[in-house]
Amino acid sequence: MSTNEIKLSIDEERAKARRMNQIRTYLPVVGLVAVFVLFIFLTNGAMIAPRNLVLLLNQVYVVMIAAMGVFFIMTMGGLDFSQGSILGISSIVICILSPHGIGLAILGGIAAGAVIGAINAYFHVCRKIASFIVTICTMFLFRGFIKYFASDSPVRASMDVYDYDSIEFKLACTVLIVLVGFLVFRFTPFGTYLKAIGAGERGAMFAGIRTDRMKFFIYTLAGALTGFAAFLNIVKNGSATANVGNQLETQILIALVLGGMPISGGAKVRFGNIIVGSLLFYVLYTGLTMIGLSPQTLQLIEGVIFLIFVAVFADRKALKVIK
């Protein structure tokens with residue numbers, strides 16, 4: 001093969017990679033708009049009725065905030081399957097502390113989430129156990145605690161929590177947290193460090209990044225964010241049942257992948273994966289529910305869409321065993 005042919009082949013590969021990156025960047029946004037418009041027609045406009053839009057937003061808040069912590073973890077190349085249990089434990093703590101003051105309840109929920117996140121971090125970072133194994137174990141462990149505390153009857157919060165059950169308050173909290181997360185991730189070394197760890201942890205260590213300290217901090221932060229999300233969950237529901245937080249980890253993972261999040265993390269992640277993915281997941285879920293599909297059919301369709309997006313966004317060259 002001649003030099004010109006080699007150069008032409010390299011240029012073709014680069015052009016193909018650029019096209020694929022463009023597809024990965026814009027497909028989730030196009031999908032969100034297309035799915036939303038589709039369900040407006042399929043529901044005869046009911047999708048954009050004020051009541052249904054409020055219902056949609058009420059579902060998005062918790063997942064979007066909790067997904068931000070998991071986004072940071074996945075950027076480093078890890079996984080976290082314990083978010084549902086973190087939400088459940090934090091919700092119970094918030095309910096117990098709420099009669100003593102809402103501020104104390106919020107701090108208690110955040111602290112409970114941070115402690116569980118730190119437990120995940122200890123076994124993953126200090127004991128060198130793979131993240132998905134550690135978080136699956138803690139998921140079952142703390143799910144058992146939730147069943148113990150709330151199996152006989154729901155753990156009820158103080159009636160004062162309903163004072164915060166407004167669109168304005170929940171939207172303001174979500175926008176503030178997401179905005180701070182975006183600014184820190186995009187305009188400080190924080191985001192660069194996470195991407196570097198995801199692209200290659202050994203190389204990041206040689207570059208001077210304290211990878212173990214960063215990973216410990218991120219798992220703890222993810223737990224704390226879900227602890228705050230638990231407060232918004234209690235504001236909406238008023239109590240913690242034995243099923244609180246059930247399947248949250250699955251919803252977060254699907255939402256992030258639908259938003260274009262590469263499973264392997266690294267340099268190709270975009271903060272918009274959180275926002276677009278969370279909205280797309282709940283637009284899809286709400287729309288399918290409104291047109292009258294059974295839960296089994298709905299789950300089947302979501303699974304097929306999830307597999308399609310994984311096939312598109314998985315970087316096979318970078319894909320490796322999850323840390």
So, first residue in contact (Cβ under 8 Å) with a residue 12 or more places away in the chain and of a type in the set (S, T, N, Q) in the stretch 66-89, second residue surrounded by fewer than 24 Cβ atoms within 10 Å (Cβ to Cβ) and assigned to a loop (DSSP other than H, G, I, E, B), Cβ within less than 8 Å, six or more apart or across chains; the pairs are T75/G266
Filter result (in a strand (DSSP E or B) and not polar (S, T, N, Q)) within the stretch 223-244:
A240
Quick one: is A199 surrounded by fewer than 15 Cβ atoms within 10 Å (Cβ to Cβ), of a type in the set (G, A, S) and either at pLDDT below 95 or under 18 Å from V269 (Cα atoms) (or both)?
no
Can you name the condition, by its number, that L107 falls short on among (1) of a type outside the set (V, I, T); (2) touching a residue at least 12 places away in the same chain (Cβ under 8 Å); (3) surrounded by 17 or more Cβ atoms within 10 Å (Cβ to Cβ)?
(2)
Residue satisfying condition, being touching a residue at least 40 places away in the same chain (Cβ under 8 Å), assigned to a loop (DSSP other than H, G, I, E, B) and out of contact with any strand residue (DSSP E or B) (no Cβ under 7 Å at 6 or more places or on another chain), within set V257, V269, V276:
V269
Could you please find all residues in the stretch 262-274 being hydrophobic (A, V, I, L, M, F, W, C) and buried (at least 21 other Cβ atoms within 10 Å of the Cβ)?
V269, I274
Hey, any hits in the stretch 220-241 for a residue that's surrounded by 20 or more Cβ atoms within 10 Å (Cβ to Cβ) and over 23 Å from G117 (Cβ atoms)?
no
With (1) under 25 Å from S82 (Cβ atoms); (2) among the hydrophobic types (A, V, I, L, M, F, W, C); (3) assigned to a helix (DSSP H, G or I) as the list, and V283 as the residue in question, which single condition is left unmet?
(1)
Of V276, V312, which residue is on the phi < 0 side of the Ramachandran plot and modelled with pLDDT under 80?
V312
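The values are calculated or read from the model by the stated rules, or taken from the named source; none is laboratory data. Predicted, not measured: the structure shown is a model, and the values here were computed from it. We place every Cβ from the backbone using ideal geometry, glycine too, and count neighbours over all the protein chains shown.
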